[in-house]
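For reference, the structure is listed below as structure tokens.
The values are calculated or read from the model by the stated rules, or taken from the named source; none is laboratory data. Source: prediction; values computed, not measured. Ideal geometry is used to build each Cβ from the backbone, glycine not excepted, and the neighbour counts take in all protein chains shown. Remember, those area values only see protein heavy atoms, side chains included, never the ligands or the DNA or RNA. Shrake-Rupley method; radii C 1.70, N 1.55, O 1.52, S 1.80 Å.
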Amino acid sequence: MFKVEKMCVGYDSQEEILHNITLDLDNHHPIGILGANGSGKSTLFLTLVGLLKPSKGKIIFGDKKLGYSKKELFRFRQKVGIVFQEPDQQIFYTIVEDDVAFALRNLGIAEEEIAKRLDVAFDLLDIQHLRKKTIQYLSYGQKKRVAIASVLVLETEWILLDEPTAGLDPAGRSHMIHIIKRLISEGKKVILSSHDMDLMYDICQYFYVLKEGNLILEGTKQQVFLEKNLLLDAKLEQPWLVKIHQQLGLPLYQDEAEFSKQVATGGKHYG
Amino acid sequence: MLSIDRIAYQSKLVNVAPEIKGIAYLVLLILMFQGTPLIQATLFAILAVVTIYTANITIKRYVKWILLPLPFILISFITIIFSVTDTDTNLLVSVSVFGKYMGLNQEALPMAYSLFFRAIGCLACTFLFSVSVPFNQMLLLLKKCRLPSVLIEITMLMYRFIFILIEETANIYHAQQMRYGFRTLKTSYHSFGLLLKVLFVQSFDRYEKMVVSLEMKYFQGDFPLH
Ligand SMILES: Nc1ncnc2c1ncn2[C@@H]1O[C@H](COP(=O)(O)OP(=O)(O)OP(=O)(O)O)[C@@H](O)[C@H]1O
Ligand SMILES: [Mg+2]
């Protein structure tokens, strides 16, 4: 069980950033957190992994209220991992494979096991060729994949991805989408934050919309994305698949793959 | 970016075992220390050719590298051969100032020679070493030498973060240039002060974010080295 109940969060006692947030993270994976710049997505993520402590309300994980002692957090974080927005802030070593192994060595895991897990992660992210490379010669997108690899190797049940596609080119973005879909198909519970509406529509099943620290909307694809005005109010827009549905009268496709398939088979729904 | 490191990665010697390169470096250094100026000069010429060939650099670039520390070597050379004494018996050329003699010391000349060649020779060895051993191999060598791991950790972290710092400095500097921050001496002082301030604040901010992400990686106080 992973739940958030009536939670308020601030970086200091004077200013509250998130107001009265309630989330039920157990069902409908993957979950998308939508919000404009500064709406509090990253703050929410920091709170969800126990790095920020709520001033009111609580987080419930596995039937228990999340405790903030070192021991409890340690156990909790072996279930819930997070990939931060900025790759440079989470890479410490010079060589890619050393950095990816860092957390595992901190846990005292045997070297053979580490090698095995690295192999799996590097294959999944398609960065086997970067293994021995020096970090500062990598591109932004490559660094982002390294950052994801270093969390994947922890084999946590939950993975939180803060803006996984921000700053990526179209090819990098679609590769990232592919990676996230692989993670999902392997049974990981993924929570994504982004303001890339098309991406979120394509991948996620359930959505929470943040506006200035308030939860203003939640629900499934159909419930959330047809609310044009609320989305605009939150400084967001509708995904293009929803736009062509509402403005051109095309059927509402569930994701881009379904759309492509329909178009390829002659678009029998058109008109 | 450190071009020297990039050159090292593309060196023809990059696949030679770092231990061999380390030992070769040591042996060359000893030769340079012990040899006569003739041996030192010959070795220097050979090393220069080897460096230029294996590292794929132009001769001009190599000469520039050697010229860079040359002023320091020359200054020490000059201070050694000049001396002030009471008599002019040992001096090759001299002028007398207030009853003292100032001039070229004959006895110090061989010493200055050998020092000069020794310094240049050791420089050549070090250049060859640093353009053929990339940083990760350097770390490996340090480990093989049984240096304390704290020292290696710090070296590694410095190497990682110096680039971030350089990049950040360049970004701020460029942004200031585009806004005419360095037009006059006065604005230059002002901009430079601002640059330092922003750099400090940003470093602090980055530090805080890194602490957060270290926490998520179960940081125990040290960086394990494999
Ligand atoms: N370290 C901090 N200290 C104080 N306030 C902060 C801090 N980090 C963020 N804030 C504030 O919290 C609010 C939410 O910021 P947050 O970074 O969570 O937004 P976000 O939704 O992740 O935005 P973005 O899309 O730009 O990443 C902002 O008003 C910001 O000013
Ligand atoms: Mg953010």
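Worth pointing out:
- Residue check: A:ASP26 meets all listed conditions (1) away from ligand 2 (no atom under 16 Å from the Cβ); (2) outside any strand (DSSP E or B); (3) within 22 Å of B:GLU208 (Cα to Cα) but one, namely (3).
- Filter pass, B:PHE44 being among the aromatic types (Phe, Trp, Tyr) and loosely packed, with under 13 Cβ neighbours inside 10 Å: no
- Pair list, Cβ < 6 Å and 6+ apart or interchain, from region B:120-133 residues that are under 13 Å from B:ALA24 (Cβ atoms) to residues that are outside any helix (DSSP H, G or I): B:SER132/B:SER11; B:SER132/B:LEU13
- Residue match in region A:72-95 (condition: within 14 Å of ligand 2 (Cβ to nearest atom), in contact (Cβ under 8 Å) with a residue 60 or more places away in the chain and open to solvent by 40 Å² or more (accessible area, probe 1.4 Å)): yes
- Within region A:170-189, the presence of at least one residue that is crowded, with 19+ Cβ neighbours inside 10 Å, touching a residue at least 40 places away in the same chain (Cβ under 8 Å) and within 25 Å of A:LEU18 (Cβ to Cβ) is confirmed.
- Of all residues making up region A:119-135, the number that are open to solvent by less than 10 Å² (accessible area, probe 1.4 Å) and within 11 Å of another protein chain (Cβ to nearest Cβ): 2
- Looking only at residues of region A:4-49 that are touching a strand residue (DSSP E or B) at 6+ places or on another chain (Cβ under 8 Å) and among the acidic types (Asp, Glu), we find that the one that is farthest from ligand 1 (Cβ to nearest atom) is A:ASP26.
- Only residues that are open to solvent by 90 Å² or more (accessible area, probe 1.4 Å) and within 14 Å of chain A (Cβ to nearest Cβ) were counted in region B:158-195, giving 3.
- Taken as a whole, region A:136-148 holds at least one residue that is in contact with a strand residue (DSSP E or B) (Cβ under 6 Å, 6 or more places away or on another chain), open to solvent by less than 30 Å² (accessible area, probe 1.4 Å), touching a residue at least 40 places away in the same chain (Cβ under 8 Å) and closer than 25 Å to B:TYR207 by Cα.
- Filter pass, A:GLU111 being closer than 20 Å to B:GLU153 by Cβ and either at the interface with chain B (Cβ under 9 Å from one of its Cβ atoms) or acidic (Asp, Glu) (or both): yes
- For region A:215-240, taking the residues that are crowded, with 16+ Cβ neighbours inside 10 Å and modelled with pLDDT of 90 or more, the one that is nearest to A:GLU86 (Cα to Cα) is identified as A:LEU215.
- Residue among A:LEU34, A:LEU46, A:LEU23 that is farther than 17 Å from A:PHE207 by Cα and surrounded by 14 or more Cβ atoms within 10 Å (Cβ to Cβ): A:LEU46
- Selection status of A:LEU192, in contact with a Cys (Cβ under 8 Å, 6 or more places away or on another chain), open to solvent by less than 50 Å² (accessible area, probe 1.4 Å) and on the phi < 0 side of the Ramachandran plot: yes
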